[in-house]
Every structure is written in structure tokens, then in C-alpha cells.
1. At R0 = 25 Å, how high is the FRET efficiency between residue 170 and residue 21 if r is their beta carbon distance? Nearest 0.05 is fine.
2. Using only alpha carbons, build the gyration tensor for region 185-283 and give me the equivalent ellipsoid semi-axes, biggest first, whole Å.
3. In nanometres, what is the gap between the two model label sites at residue 235 and residue 42, each 7 Å from Cα along Cα-to-Cβ?
4. List the residues, sorted by chain then number, that are 5 or more residues from residue 439 or on another chain and whose placed amide H is less than 5 Å from its amide H.
5. Can you pull out the trypsin sites (Lys or Arg not before Pro) in region 339-398 that DSSP calls coil and that have at most 12 other Cβ atoms within 10 Å?
6. How much accessible area per residue does region 287-428 have, counting only protein heavy atoms and a probe of 1.4 Å, in square angstrom?
7. Please list, ordered by chain and number, the residues whose modelled amide H lies under 5 Å from the amide H of residue 86; skip anything fewer than 5 residues away on the same chain.
8. Can you give me the long-range amide H partners of residue 317? Hydrogens built in the peptide plane at 1.01 Å from N, cutoff under 5 Å, separation of 5 or more residues or another chain.
Amino acid sequence: MKKKINLQLLEIATLAIISTMVITVAIFYNLFTNQLMDDLKSYTYIIEKLAIKQNFEQLNELNSEHLRITIISQDGSVQYDSDYDSQALENHGDRPEIARAKIYGEGESIRRSSTMNRTNFYYARQLTDGIIIRIGKEAGSVFYMLGNAIPYIIGLIVLLLLVCVVLAHYLTKSLVKPIEEIAANMDNINEIPIYKELVPFVNTIQRQHQDILKNALMRQEFTANVSHELKTPLTSISGYSELIENGMATAEDTVRFAGEIHRNATRLLNQINDIIHLSELDSSENHVTLEPVNIYKLSQTCVDMLQVNAEKHQVSIFFDGIPCLILADKGMLEELIYNLCDNGIRYNNKGGIVNVTVKPEGEKVILTVADTGIGISKEHQERIFERYYRVDKGRSQSTGGTGLGLAIVKHIVASLNGEITLESEKGRGTTIQVVFDKKEW
Ligand code: ATP
Ligand code: MG
């Protein structure tokens, strides 16, 4: 990249230098030509004023500075020429400057000289008596003059290019330096002086960097939690089975221990299912296929399925609502409703109630799961959506909870572009609302 910027700067500089040179030479040549023509005009004027156009000797004296003076009659025949024998010269009436002088009173012409790299400049003027005075001067052509200047021009180009190389080097360095420093010092980006065009870039990088760090930390915590959570039931299973193996359990104990082993194995299975589910959600987040789902019907079915479970906990669960559609993945939505209702039943008191409602509100559909259970105190409310977070480890574990349910819920809500809010008071109950975009029938 540095090399590219450097090269581009040099290209621009070279282009600028060369075009400046060409334009300067062109302007200079133009000025030079004008000046020369003005000089030639002055000469004709002097000859006219001195009235010496018939005095060829005086004309010869006047002729210095390599001027060619020609006096031509109206018919084009040459009367006098300072450089050639006028008798030998052919009729000059067809020379462009003379032809023009005959029509307009004066004429100019620039012609290639017979000698290489030289140019002839001519100026002709017709006097009142019809006689035409023509002055010619030979000078270097533009290429000839350029040829003389080439060593200087090359020298100048090299010098300018050198300056540009140095400037481009420092400019590129100052452009790239903050970026390199940012790359090397991701953790204290704020201490690096940057120019304002870089600020949005740095902010994005910083955010992403923090997200990556946070994710890494979460993953680390998750792995530690998983290992710990899996270890507990496995330790029990191992312990009970060892007792049976060593013959240290009576027949009665064996039945009880087998029950414990069964319970722990089930817990282990549930946990592993949850973990698999979470990692599936993690990886398939971007390609969930959403279809119109009647959330009213789905919730009703879910509540019906949980009736038995609720009775077991001596909790009543009710459902009410208005049929409406949302865009969702049916399986995911079912899991979400199930987890919320399951919590409502599990963290409830004997004789408690769980109310599930689905109702449209404007452009939205609101799913509410409200219970009259044990509630969650403020300090825990923020954290219960974290993986493995449980308010009362003992109670949750005794009911088979692993603390992954709400983490899954949160994930699903995000996948379905919904929003989840929680309201709870310790000892009085909890209300969880999930808001979705309504899909018209
Ligand atoms: P899992 O759902 O994975 O079987 P879990 O129920 O313990 O286990 P979550 O559903 O994530 O895990 O809930 C996390 C914690 O939040 C629970 O352990 C419980 O302490 C608290 N909690 C969740 N829902 C409620 C509720 N409705 N009332 C009171 N506390 C709740
Ligand atoms: Mg739960």
C-alpha cells in the first residue's frame, strides 16, 4: 500500500512537471515569435520613415543582425535583396506574406528554413506607392530551442523528482503511521494520535476488537461452566455406581441409587441437549428461514402441553388472546414459549398462577408470560439471560434447571428480530413480554 501511494504521488508529480514544461515552452515560443515579428515591423517602419527604399547602398549599410531586406514592386518582381542578386530571384508575388500585404497592407509568414532546425520569419508591408518592403530573419525553431534547453530541463526534472520522492516518502509515512500503530496497539488505540478521517475507521475497529474480546471471554466462561455443570451429575453417577459395584449397598439402597443415577443421567442429557441447541443457534443465526406462524395457536398448544406439568407443581396455567401472525421459525418460537412457561411454573408457589396472552397492538404482536411466583430481585434481573446464571442454584438444580433456558430465549428473540422485556418483584411474581413485528393475514 505504501509503495502504491508512493508510486502514485510520483506519477502525479512527473505528469505535473512535464505538462508544466510543455506549456511553459509553448508560451515562451509564442512570446518569442510575437517579439520577433514586432522587431521586423519596426524595421520596415524605419526603412519607410528614412525613405531609403530606393537607396540600396544605405539599405546595405542598415543590414546588420542577419536581417534579409527585400524590396518588391507591385507586380512581384524583386528590386532589391540584401542577401541575393535581385536579378536572379524569381517573382515573389506568390510568397504568402507578400500576397497578404497586397490585400491587407501587411502580411506575416513563418516558414521552415532550408537549413535544418532553423525557421524563417517574414514580415511584409505595402507602402502607399505600391512598393512592398519585406524583412526576413532566420531563427532557431521551437525544437532547436528546446534542444538547447534539454539538459537544463532534464536537470530540473530530476531535481523536482528527487524533491517529490522525499516528499512522497514522508507524506506516505505520515499517512500510514497511525494505521500501523493502531494495528500494533489494539488495546490502547485511544493513546495513538490520529487524523480525523481515521476516526470512524478506528471507532469501528475498536468496537469490533472489544466485541471479539468479550466473545472470547464469554466462550471461555461458557466452557468452564459447561465442564463444571457436566461434572456434578457425572460425579454423582460415578459415586453411586461405585457403591453398588463394591457391594456396599443393600438391595433397598441399590434401588434408590439407581434412581439417583437415572435422575442425574437425565439431567446430563438435558444439559447436553441445551448446549447442542445453543451452539446450533450460534452458528445458524444468519440463515434462519422465517415463515408466517400463528403465534396464538402455537402458544395455546404449548400451554395445553404444559398443563400436566403445572398440575404436578400445583400451579394453574391459563391462556388467552387474539389470533395473529408473525414471521418466525416455528420450532424456535415453540422453544421460546415453552422455556418462558416452564420458568413460570417452576419458579412459582403452590397454588400460583401463570397467565399467557397473545395480542396484537398496532404493528406489533405482544406475547406475555406472567406468573405469581417467587420473583427476581433487581440485582439478578440483569443477569438471568446469561448462560448458566441461576438466582437460587439449589432450587433450580433440584428442579432440573441448568440455567441455559433464558440464554436460549434471548438468542431466539434476537434471531426473530423481536424484543424482550422483564418486569419482576421479589415475592410477587414475574412478567416477561416479547414483542414481534405483526404479519398481516
Ligand atoms: P433451564 O431453563 O435451562 O432448565 P433454568 O430455568 O435454571 O434452567 P433459565 O430459564 O435460564 O434457567 O433461568 C435462569 C434463572 O432465572 C433461573 O435459575 C431462576 O433463578 C431465574 N428465573 C427464570 N425465570 C424466572 C421466573 N419466572 N420467576 C423467578 N425466577 C426466574
Ligand atoms: Mg428455565
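The values are calculated or read from the model by the stated rules, or taken from the named source; none is laboratory data. The structure displayed is predicted, hence computed values, not measured ones. Don't worry about glycine lacking a Cβ; one is built from the backbone with ideal geometry, like all the others, and counts go over all protein chains shown. The accessibility values were calculated without ligands, DNA or RNA, using every heavy atom of the protein model including side chains. Shrake-Rupley method; radii C 1.70, N 1.55, O 1.52, S 1.80 Å.
1. Values: r = 25 Å, r/R0 = 1.00.
Efficiency for this residue pair is about 0.50.
2. On the way: eigenvalues 550, 36, 6 Å².
So the three semi-axes of region 185-283 are 52, 13, 6 Å.
3. With each label point 7 Å from Cα toward Cβ, the separation is 11.3 nm.
4. 325, 326, 327
5. Values: sites: 346, 350, 364, 378, 383, 387, 390, 393, 395; in loops: 350, 383, 387, 390.
Filter output for region 339-398: 350, 383.
6. Values: 7050 Å² over 142 residues.
On a per-residue basis, 50 Å².
7. It is 81, by chain and number.
8. 354
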